[in-house]
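Please treat every number below as a calculation from the coordinates, not as lab data. Here the structure is a predicted model, which is why all the values come from computation and not from measurement. All Cβ positions, even for glycine, are placed from backbone atoms using ideal geometry, and neighbour counts span all protein chains on display.
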Amino acid sequence: MPGLQYFSFTELWSPLFLAVMLLLTAGYFVLIGPLASRFEGSIAVPFWRRGLFLCGMLALYLAQGGPVSLLGHILFSFHMVSMALSYLVAVPLIMLGIPDWCWRALLRVNPLKGFAFLAKPVVAALLFNGLFSLYHIPVIHDYVMLHFTVHRLYYGVLFLTSALMWWNLINPLPEYRALSGLGQVGFIFMNMVLLTPACGLIIFAGSPLYATYSDPGTWAKAMGYCVPQSPAALLQAFGGPGFFGSLSPKVDQQVGGIVMKFIQEFIFASMLAYVFYHWYKKENRQEDTELSAPSSALAEEV
């Protein structure tokens, strides 16, 4: 995109956030390596699971610390790409990368048991989709974007509620599984429906909704949390977000809503196919077992 050459390496790649992500990744490999023997039932973690964790951490870094994060403060369409990468891509990949024995050890921590109700399917779906939709009410979105501490806290809560939502679909522990195959299908449709009103509001709005992406002064103030320049200096250098793209604020907003809905539909449709496939295989195995049992008994009698 034109204009990104005006930003420094530090502004584009957030080395401090990168260092934090690298430390967390190193901690993961220490946990599943040298420290694994301290956990009951621990086994070697396969390479594919490690790869999923690394892909999840990379997606999270790009969305919250890399160029996508900076672009998400400039254009609404990239903001939605950042949201999708953070909560629909990174979260499930990171969770799938964590081995079963780690999950069991974590869930045995007593303080967490008091919050188990938050992981119930309906509660988890309403929490994540409700907070996501609430965030995209224009007055709330602009407030969060203009207050750095609130911004980070809100994004952290969204990350946790996203994990609670995904837990109902990719939970690897049978003893903690709340949904059957058919229940998971219904849960997927629930999530697809709950996010639709927010995306519809964004896509079909007749005018730009967010001052952060349409008003130069508000945009410059929000950008101050990404780059070490004053709002006045940013306005003098760029004039506003229009400097970085050819789309009008309204069209950029519509593209963002479409991108978010498309990514969500694609990911949940893939999950739906996965759940249907495994549910179908399980039902067939049960039918085969039931049919073979009488045959075996008859053969013994003969």
| So what's the projected area for the chain, the Cα convex hull averaged over all directions, in nm²? | 19.5 nm²
| Taking Rh as the Kirkwood radius, which is the inverse of the mean 1/r over Cα pairs, what is the Rg/Rh value for the range 43-86? | 1.19
| task | Along each of the three principal axes of the Cα atoms of the range 1-154, give the extent in whole Å, ordering the values from largest to smallest. | result | 52, 37, 24
| query | Going through the range 80-173, which chymotrypsin sites (Phe, Trp or Tyr not before Pro) have at most 16 other Cβ atoms within 10 Å and a DSSP loop state? | reply | Phe115
| Ranked by how many other beta carbons lie within 10 Å on average, peptides 25-34, 205-214 from highest | 205-214, 25-34
| request: Multiply the residue separation of Glu283 and Ile43 by 0.36 nm, subtract the distance between their alpha-carbon atoms, and state the gained length in nm to one decimal. | output: 83.5 nm
| remark: In the chain, whole DSSP H helices that both stretch 30 Å or further along their axis by alpha carbon positions and average at least 0.5 on the Kyte-Doolittle scale are 148-170
| field | In nm, spacing of pseudo-spin labels at Phe9 and Ala237 (7 Å Cα→C-beta vector) | value | 1.7 nm
| message | Suppose each label sits 7 Å from its Cα in the direction of the beta carbon; what would the Leu131-Glu265 distance come out to in nanometres? | response | 2.7 nm
| note | In the structure shown, of Lys120/Lys250; Lys120/Lys281; Lys120/Lys261, the pairs separated by more than 30 angstrom at the C-alpha atoms are Lys120/Lys250
| message | Given Cβ point charges of +1 (Lys, Arg) and -1 (Asp, Glu) and nothing else, what value in debye, to the nearest 20, does the dipole of the chain about its Cα centre take? | response | 640 debye
| remark: Connecting every pair of Cα atoms under 10 Å apart in the chain and solving the GNM, the largest mean-square fluctuation among Leu118, Leu93, Leu195 falls on Leu118
